[in-house]
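A.B. asks: Starting off with a structure, shown below.
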Amino acid sequence: MKNRLIIKGTILTHSESFYVGEELFSSVLFSVINSWFYSNYENNGNLKVNISTEKAREFGKIKSAINGFTEDLHNLSINYCLFKEINENVHINGQKSNLYISVILENLFTNLRSLYDFLYHFVKIVLSEKELKQYPQKDSINNLINFSKNENNQDKLPKSIIWVLDNIESDLNDIKKIRDNIIHKGKDFLLTRKEGVLFMRVPIKETNSNDNLLPNILKSNDIDYNVEKYLNKIIKTTLKNIEDFGVIIHNEIFNNSEIQFNLYSISNYCIDEFNEFLINKNSY
């Protein structure tokens, strides 16, 4: 393992280093929210702008969401790295390995769901004071999507935000279905190996039932889904949706704003393997 200056952190970068690969995971949305943060906050976390108490409270929620979003990006790469190490470790008992992997899969789908939910707070960055007062109070991306679909609310959000929310809804529902069944309904992953390759399903009724409640995002004819292929597809889809969201927010605020846009990336000791998984498994 290479020695690095940064074990886990955020990096202010430049255009030549703004990419996904090797030790860097770069993101438009991550850059947008950090540019907003450093335009409004000092390095010590104190506000540098004079705003009303109500608006400062909302800024505080956005700031907390940025911290949570950053941690979930890191955790996504770390959980994948842990999954890979356990999945490839032949010295761990097979049943014990499956127990470990089930917990990691639960963590990964929880990370993905959280990444979507933080988008609820990032929309506030582009809103006027009038729009902010009409914004739904429940901090859920699902609630925001329902709000945006109401005909009476079409003038309460920018048109581009309504469009991107509609665009991500189907993929969000896939994540929501998986997480809610695992976390709230106590469903379990059933893991099997076929010729050394790990497969999974979540039985709808009984363990031995010939069904799978996981969304068939791979368009597979099999009941069991290849775990690596499934994770690759659903993680890439989530990250693409996040980047689309980032482009929309960037276009909304930086064309008519004094906020200086800078490029930011994350790096940690697991990011190499995570990036390799995203880039080199493109056949998935």
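No lab work stands behind these numbers, since they all come straight from the coordinates. This one's a predicted model, so the numbers in the text were calculated from it and none came from an experiment. Heads up, the Cβs are rebuilt from the backbone with ideal geometry, glycines too, and the neighbour counts pull from every protein chain shown.
A.B. asks: Quick one: what Rg and Dmax do you get for the range 14-145 from the alpha carbons, in Å?
C.D. replies: Gyration radius and largest Cα-Cα distance of the range 14-145: 18.7, 60 Å.
A.B. asks: Sorted by packing (mean other beta-carbon atoms within 10 Å per residue), highest first, where do 37-47, 176-186 land?
C.D. replies: 176-186, 37-47
A.B. asks: Can you order the peptides 122-128, 87-93, 153-159, 111-117 by their average number of other Cβ atoms within 10 Å per residue, highest first?
C.D. replies: 111-117, 122-128, 153-159, 87-93
A.B. asks: Would you kindly state how much longer the chain becomes between ASN221 and LYS149 on full extension, computed as 0.36 nm times their sequence separation minus their alpha carbon distance, in nm to one decimal?
C.D. replies: Working: separation 72, 0.36 × 72 = 25.92 nm, distance 3.39 nm.
Length gained between ASN221 and LYS149: 22.5 nm.
A.B. asks: Given 0.36 nm per residue, what is the gain on full extension from ASN280 to SER140 after removing their alpha carbon distance, in nm?
C.D. replies: Between ASN280 and SER140, full extension yields 47.1 nm more.
A.B. asks: Scale the Cα Rg of the range 186-251 by the rule-of-thumb value 2.2 N^0.38 Å and send over the ratio, two decimals. It would help to have the intermediate numbers written out before the result.
C.D. replies: Working: Rg = 15.3 Å, N = 66, 2.2 N^0.38 = 10.8 Å.
Dividing the Cα radius of gyration by 2.2 N^0.38 Å gives 1.42.
A.B. asks: When the chain is fully extended, how far beyond the present Cα-Cα distance does VAL103 get from VAL197, taking 0.36 nm per residue of separation?
C.D. replies: Once the chain is fully extended between VAL103 and VAL197, it gains 32.0 nm.
A.B. asks: Another one. Could you give the alpha-carbon Rg of the range 103-197 over 2.2 N^0.38 Å, rounded to two decimals?
C.D. replies: Taking N as the residue count of the range 103-197, the ratio is 1.35.
A.B. asks: Using the Cα atoms of the chain to build a convex hull, what is its mean projected area in square nanometres?
C.D. replies: Its average projected convex-hull area is 17.3 nm².
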